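First the structure, in the form of structure tokens, and then the observations on it.
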Amino acid sequence: MWIKICGIQDPETACTVADLGATALGLNFYSPSPRFIDVATAREIQSAIGSREITLVGLFVNHSLSDVITTCNALSLSMIQLHGEESPEFLAELAQQFPALTIIKAFRTREPDLSFLESYMKACDQTGKRPDHILIDAYSPTSYGGTGHLAPWEMIRREYRYSDWPELILAGGLTPENVSEAITAVQPFGVDTASGVEDRPGVKNRDRVAAFINQAKK
């Protein structure tokens, strides 16, 4: 099970999460978020992680293409998450710039089905670049994630085309208490949490991170 802990803000927490067995750390470059960090802090985290086998994922929300490119170059990122309204053309441009870059495209949904995702995939096929992973998060009119709201598990399991679409990452209100149930219900490739393992926005609770990872791996 691929496990991402998102919204890491300091080197100590990053090392703790890595040592607890997470697959990936989310570095949030969206300035309105309470979990925002700048590139200098990301460099400190990257340096502290050292040789640990964990992937750093840069998170962007409606950033300009030049901003994403600049940050990817500055940190030599191998994986990013686009959590806004980025177009298929935006993904294609990034893929041209960084052919080896793994791109997660996030969607917030409260829809009765995933027809919007079908349309997006068709548009991606026209540009020649699909996301490498799809992340589905809960919908919020005021936030691009980290709200603690649950995504519609049953609808996702019913509507997601597992054999045809990119590997699915489930987010939205996942906690140590419900992640096992969520995995059973949705059967995703991976899971992603931020608020579910925090004492307050941006401040991770070591015990809850450990419990989340253990439950997800079970």
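The values are calculated or read from the model by the stated rules, or taken from the named source; none is laboratory data. Note that the coordinates shown come from a computational prediction; the quantities given were computed from them, not determined experimentally. Please note: Cβ atoms are built from the backbone with ideal geometry, for glycine as well, and neighbour counts cover all protein chains shown. SASA here: full protein model, heavy atoms, side chains in, ligands and nucleic acids out. Shrake-Rupley method; radii C 1.70, N 1.55, O 1.52, S 1.80 Å.
Being in contact with a Lys or Arg (Cβ under 7 Å, 6 or more places away or on another chain), open to solvent by 40 Å² or more (accessible area, probe 1.4 Å) and closer than 18 Å to residue 218 by Cα is the filter here; which residues of segment 10-39 pass it?
Within segment 10-39, just 23 meets the criteria.
Would you confirm whether or not segment 99-117 contains a residue that is basic (Lys, Arg) and loosely packed, with under 14 Cβ neighbours inside 10 Å?
yes
Inside segment 70-96, can you point out the residues that are in contact with a helix residue (DSSP H, G or I) (Cβ under 6 Å, 6 or more places away or on another chain) and under 18 Å from residue 130 (Cα atoms)?
88, 89, 92, 93
Give the number of residues within segment 85-98 that are surrounded by fewer than 17 Cβ atoms within 10 Å (Cβ to Cβ) and under 18 Å from the mean Cα position of the chain (by Cα).
Adding up the residues that qualify gives 2.
Can you list the helices (runs of 4 or more DSSP H) lying wholly within segment 1-91 that have 2 or more residues being more than 23 Å from residue 195 (Cα to Cα)?
On the way: elements: 11-20, 39-49, 65-75.
So the answer is 39-49, 65-75.
Return yes or no: is residue 61 surrounded by 14 or more Cβ atoms within 10 Å (Cβ to Cβ) and more than 26 Å from residue 210 (Cβ to Cβ)?
Working: surrounded by 14 or more Cβ atoms within 10 Å (Cβ to Cβ): yes; more than 26 Å from residue 210 (Cβ to Cβ): yes.
For residue 61, the condition - surrounded by 14 or more Cβ atoms within 10 Å (Cβ to Cβ) and more than 26 Å from residue 210 (Cβ to Cβ) - is met.
Among the residues of segment 58-74, which ones are in contact (Cβ under 8 Å) with a residue 40 or more places away in the chain and farther than 14 Å from residue 36 by Cβ?
Residues satisfying the conditions do not exist here.
Which of the residues spanning segment 103-117 are modelled with pLDDT of 90 or more and either touching a Leu at 6+ places or on another chain (Cβ under 8 Å) or part of a strand (DSSP E or B) (or both)? First the steps, then the outcome.
Taking segment 103-117 first, the residues modelled with pLDDT of 90 or more are 103-107, 114-117.
Correct list: 103, 104, 105, 106, 107.
Only one of 181, 198 is acidic (Asp, Glu) and touching a residue at least 60 places away in the same chain (Cβ under 8 Å); which? Break it down into steps so the answer makes sense when it comes.
Numbers: 181 fails: touching a residue at least 60 places away in the same chain (Cβ under 8 Å).
Of the residues listed, the single one that is acidic (Asp, Glu) and touching a residue at least 60 places away in the same chain (Cβ under 8 Å) is 198.
Test residue 95 against the criterion of being under 22 Å from residue 122 (Cβ atoms), modelled with pLDDT of 95 or more and either touching a Gly at 6+ places or on another chain (Cβ under 9 Å) or small (Gly, Ala, Ser) (or both), and give yes or no. Please lay out each step first, then the result.
Working: under 22 Å from residue 122 (Cβ atoms): yes; modelled with pLDDT of 95 or more: yes; either touching a Gly at 6+ places or on another chain (Cβ under 9 Å) or small (Gly, Ala, Ser) (or both): yes.
The answer is yes for residue 95.
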